[in-house]
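The values are calculated or read from the model by the stated rules, or taken from the named source; none is laboratory data. Everything numeric here is computed off the predicted structure, so don't read it as measured data. Cβ placement follows ideal geometry from the backbone for every residue including glycine, while neighbour counts extend to all protein chains displayed.
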Amino acid sequence: MATTDSNAAHGTPHGTPHGGPLSGLRVLDLTRVRSGPTCVRQLGDWGADVIKVEAREASGESQDFSARHDPDFQNLHRNKRAIALDLKQPAGMQVFHRLVADADIVVENFRPDVKHRLGIDYATLSADNPRLIYASISGFGEDGPYADRPGVDQVAQGMAGLMSVTGEAGRGPMRVGIALADLSAGLFAAMGILTALYERERSGRGQWVQTSLLAAQLFMLDFQGARWLMQGEVPQQSGNNHPTGVPTGSFRTRDGWANIAPTPPMWARFCKAIGHPEWIAHADYATPALRRKHRDALNALIEAVTSAMESATLIEKMNAAGVPCGPINNIAQAFDDPQVKHLGIAQTVQSAELGQISLIGQPFSLSRTPSALHSAAPEYAEHAQAILQQLGYDASEIDALRAAGVI
């Protein structure tokens, strides 16, 4: 981590975190779209000083995936300061190298060849800062036959097999309703950075952290992938039915739908709670293997019961019996749920342009050092003056850089 002297030099200017378990770390964020910003968000929310280094655009605005004041951009890019640099100009590259010299972490999600063409790859930057941890998120890997291909979430979902096990049988492949490959790659990159930081405490040296949308999505296949690797079984689509656990699935109620998920040890108490204890030892349903074989018939029997019940009644009855059961909410209903409110994951932050806005906070907590949303996503190059002053540039030098279109 940064030394005491370096921490003092970093200071606490407007927009930087105050406290937090990762305070004292400086992160240079070269990322765009979703996977990279997801990684950096994990660091900023826990106290790292994140500087978003954007491309200098003649229009005076960055060309990112979503508009700056859209919910998506605000949710991905909170807790950052921002500067815009033209890295094609020598003076812009000089500024960048001065930033790198004082940084702990660089995160990028360019196509693999781009960083080498720009001269901002790990080998180049670590020569000047051996303690630097450099994280790369690519579509398919930094090398190999697909390394130069452009990669996006849906393509990775398809290539990794996720779309082949999502949706109902016979309806064709179906993408997951969130950017799962992007999000998981970003989270794994953050885990890799934290792992490398821990190792750096012993070795004193940084290293290159690499992940990809494809690798992350393959990992997220979990038991579905293991079924193929260990048993040669190619999993198929099963809709809302659990691929192997029966009768886990979605069941119609009088006023909607509910998920019921009794594991095999819960089978007897589920049958009693649903009002059909005779199913416990039924010749077609007595074992997990039999229930898998006769899934459709069993599901029909269950739904004949649940369809006559209100969702709330069914959920209360199942949970009272110790059988997992819950509603199928839309997004508005999910955030209005009393338990979700209790968790406090929807948090507010003040934006100079948008006023008070609500964003999605961190899903885990620490008992002594909490995460925090301390600032909304920065405006384009909002903190350029303060960042350059921290690097030692005086007012005349900053004016000259601005006049030359470097910043």
Determine which single condition residue 120 fails, assuming it passes every other condition in (1) crowded, with 18+ Cβ neighbours inside 10 Å; (2) over 24 Å from residue 89 (Cα atoms); (3) in contact with an Asp or Glu (Cβ under 8 Å, 6 or more places away or on another chain). (2)
Residue in segment 260-269 that is in a loop (DSSP other than H, G, I, E, B) and in contact with a Leu (Cβ under 6 Å, 6 or more places away or on another chain) present: no
I'm trying to understand the selection: among the residues of segment 212-238, which are among the hydroxyl-bearing types (Ser, Thr, Tyr) and farther than 10 Å from residue 181 by Cα? 238
What pairs come out if I take residues in segment 184-195 that are part of a helix (DSSP H, G or I) and pair them with residues that are buried (at least 22 other Cβ atoms within 10 Å of the Cβ) and charged (D, E, K, R) whose C-beta lies under 8 Å away, six or more apart or interchain? 186/34; 186/41
Is there a residue in segment 213-232 that is modelled with pLDDT of 95 or more, touching a Lys or Arg at 6+ places or on another chain (Cβ under 8 Å) and not assigned by TED's automatic domain parsing to the domain that holds residue 160? no
Being farther than 24 Å from residue 222 by Cβ and hydroxyl-bearing (Ser, Thr, Tyr) is the filter here; which residues of segment 235-270 pass it? 253
Could you tell me whether any residue of segment 310-320 is farther than 23 Å from residue 169 by Cα, in a loop (DSSP other than H, G, I, E, B) and modelled with pLDDT of 95 or more? yes
(1) touching a helix residue (DSSP H, G or I) at 6+ places or on another chain (Cβ under 7 Å); (2) surrounded by 14 or more Cβ atoms within 10 Å (Cβ to Cβ); (3) of a type outside the set (Lys, Arg): which one isn't true of residue 404, the others all being true? (2)
List pairs: first residue in segment 377-393 and without any contact (Cβ under 8 Å) to a residue 40 or more places away in the chain, second residue surrounded by fewer than 21 Cβ atoms within 10 Å (Cβ to Cβ) anywhere in the structure, Cβ distance under 7 angstrom, at least six positions apart or on different chains. 385/398
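Hand me the list of helices (runs of 4 or more DSSP H) wholly inside segment 34-129 holding 1 or more residues that are of a type in the set (Lys, Arg).
Of the helices (runs of 4 or more DSSP H) lying wholly inside segment 34-129, those with at least 1 residues that are of a type in the set (Lys, Arg) span 35-45, 90-101, 112-118.
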Condition test on residue 303, is it of a type in the set (D, E, K, R), in contact with a Lys or Arg (Cβ under 8 Å, 6 or more places away or on another chain), more than 19 Å from residue 81 (Cα to Cα) and exposed (fewer than 15 other Cβ atoms within 10 Å of the Cβ)? no
Yes or no: residue 354 out of contact with any strand residue (DSSP E or B) (no Cβ under 6 Å at 6 or more places or on another chain), farther than 17 Å from residue 44 by Cα and crowded, with 19+ Cβ neighbours inside 10 Å? no
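Return yes when residue 341 is under 30 Å from residue 264 (Cα atoms), of a type in the set (Lys, Arg) and either outside any helix (DSSP H, G or I) or modelled with pLDDT of 95 or more (or both) and no when it is not. Before you say what the answer is, go through the steps one by one.
Values: under 30 Å from residue 264 (Cα atoms): no; of a type in the set (Lys, Arg): yes; either outside any helix (DSSP H, G or I) or modelled with pLDDT of 95 or more (or both): yes.
No: the conditions fail for residue 341.
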Keeping to segment 325-339, report how many residues are in contact with a Ser or Thr (Cβ under 8 Å, 6 or more places away or on another chain) and not hydrophobic (A, V, I, L, M, F, W, C). 1
List pairs: first residue in segment 328-352 and assigned by TED's automatic domain parsing to the domain that holds residue 376 and on the phi < 0 side of the Ramachandran plot, second residue of a type in the set (Asp, Glu) and not in a helix (DSSP H, G or I) anywhere in the structure, Cβ distance under 8 angstrom, at least six positions apart or on different chains. 352/379
